[in-house]
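All remarks here apply to the structure that follows.
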């Protein structure tokens, strides 16, 4: 079973080092939820709500943003250059060591 | 006062199927939903997305499922209070519930089923300090009546269809004297026709298009008088305006239900899986809004919960009647 390490920094600044399986077709939103980190994932992972907005803090080669993701981030708040939707980042071996920080949620 | 057997809060798939199952037991239902149409998040968020785990449907679009559920419920003539949010609930001395909406519509029934899904969809508010001071005093998240902006200086924020369409509408109909559209990027995700219209109007100098920009401050004395826009190249610019309309879509909130005295765990209502009752007798919670050990937020599980729940609701209305399970294949569907 493929396992990688992912670090998620929550909204109070605490870092959580997570074991993430690469063979369960999971994404970053689902990984956070499975560890009960405060990620809503309202739309279930369809890039339609931006509630899994996170910042990528490490230098990883990430898959390019789809138009859906770009459009959704367009509606999100607190967007930075390193913003991504967690649900669009699928766990693969290439993501080993990834560090992300959860974005603030708007009102 | 609207009278019924079961008041259903939330007209999503689970609420709609409750009408059918209650109808088989000859119980009448009335649905309340904050959105102006039935279907909940299926209609609001993903009407064109296929769903693959509805038993008997290898693939069905979310919007189609809602249409089918409405057709299935139709023989039982459900009532609808749409575009209104269930605000308060009270129990009468004779053990009935009265649910009142934000617009004052009252509903009375022996049973209430909360099928609220993710909660009610409310406009997303941009993170601008002290924004609440100007709400309805120059800052509006929804355009209810465009003539309200007659002769005003208006700034709209957002890059989606509603932002584009309203910017065009207020301009082309000569309603607002000045229309600005502020958007964080220089491309728009709205419908290409709407995008083109905005660009054309901008080139004619009729819409003031400000891209790569965000509104970061609001100012005024008692009402909105000016905003500060942060633009990538030009930096911060103050603009004197009458109205700012941020249009950033909707997001679900648990809303007033949170204050109804229910046992709540992580934004979900705790229920007893025997009949999906809450800690308040006669008040049930079904679908995505409830929680119990092993809960799965799936439409098919919500359908099951609705079916079990109406049996218990029946018993509250007719404590002395015995229910016998009847198959629709035997009796068909006898509408009201």
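Bear in mind that the values in this text are calculations on the coordinates, not laboratory data. The structure displayed is predicted, hence computed values, not measured ones. Heads up, the Cβs are rebuilt from the backbone with ideal geometry, glycines too, and the neighbour counts pull from every protein chain shown.
Mind pulling the angle between the C-alpha long axis of helix B:13-24 and the longest principal axis of chain B? Nearest 10 degrees, somewhere in 0 to 90.
30
Restricting things to alpha carbons, tell me how big the range B:125-248 is in terms of Rg and Dmax, in Å.
13.2, 39
Please give the direction-averaged projected area of the C-alpha convex hull for the range B:243-282, in square nanometres with one decimal.
Dividing the Cα hull surface by four gives the mean projection, 4.7 nm².
What Kirkwood radius, in Å to one decimal, follows from the Cα pairs of the range A:36-87?
11.4
For the range A:1-41, evaluate the Debye formula with one uniform point scatterer on each Cα (no solvent term) and list log10 I(q)/I(0) at q = 0.21, 0.26 Å⁻¹, rounded to two decimals.
Listed by q, the Debye log ratios stand at -0.63, -0.91.
Using all alpha carbons of the range B:208-336, what is the percent of pairwise distances in each 5 Å bin, ordered from the shortest bin to the longest?
Spelled out bin by bin, the range B:208-336 gives 2, 8, 12, 12, 11, 8, 6, 7, 7, 8, 7, 5, 4, 2, 1, 0 percent.
Per the helix-only calculation at 222 nm, which mean residue ellipticity applies to chain A, given -39500 (n - 2.57) for every DSSP H run of n ≥ 4 and division by its residues, nearest 500 deg cm²/dmol?
Calculated from helices alone, the mean residue ellipticity at 222 nm is -4000 deg cm²/dmol.
On each of the three principal axes of the Cα atoms of chain B, give max minus min coordinate, whole Å, ordered largest first.
That gives 73, 45, 36 Å along the principal axes, largest extent first.
Could you please rank A:55, B:149, placing first whichever residue has the fewest other Cβ atoms within 10 Å of its Cβ?
Listed from fewest to most nearby Cβ atoms, that is A:55, B:149.
Kindly express, to the nearest 10 degrees and within the range 0 to 90, the angle between helix B:192-203's C-alpha long axis and the longest C-alpha principal axis of chain B.
For B:192-203 against chain B, the angle is about 20 degrees.
Rg/Rh for the protein assembly as shown: what does it come to with C-alpha atoms and Rh from Kirkwood?
1.00
With only alpha-carbon atoms in the gyration tensor, what are the semi-axes of the equivalent ellipsoid for chain A, in Å, largest first?
The three semi-axes for chain A are 20, 15, 13 Å.
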